[in-house]
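Peer 1: One structure coming up, written as structure tokens, with questions to follow.
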Amino acid sequence: MLILSRKENESISIGEDIEITVIQTNKTYTKIGIKAPKSSIILRKELVDEIKDDNLHSIVSDDVKLDDLSKKLKQ
């Protein structure tokens, strides 16, 4: 992991078309601005984790239902 220090109004570039700028900082949070092509998908990490967890839970639930169905078909 690359760790950089930036002050307000300073930026970093990722590739040729993504720029991240520190907009505001205080003791509890940092606001950032992201300039990126509209085709880029930008999501908060906690949202990505929540979607992954929901998908995994759905798969496990579906597997249980399929096991029950399989048992009933074998009878």
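What follows is calculated from the coordinates using simple rules that are stated; it is not laboratory data. No experiment lies behind these values; they were computed from the predicted model shown. For neighbour counting, all protein chains shown are included, and Cβ atoms are generated from backbone atoms with ideal geometry for every residue, glycine included.
Peer 1: Each label point is 7 Å from the Cα along the Cα-to-Cβ direction; what then is the distance between the points at ASN55 and TYR29, in nm?
Peer 2: About 2.7 nm separates the two model spin labels.
Peer 1: Given the pairs LYS45/LYS71; LYS7/LYS38; LYS7/LYS45, which span a C-alpha to C-alpha distance of over 30 angstrom in this model? Before the final figure, lay out the partial values.
Peer 2: Values: LYS45/LYS71 39 Å; LYS7/LYS38 26 Å; LYS7/LYS45 23 Å.
From LYS45/LYS71; LYS7/LYS38; LYS7/LYS45, over 30 Å: LYS45/LYS71.
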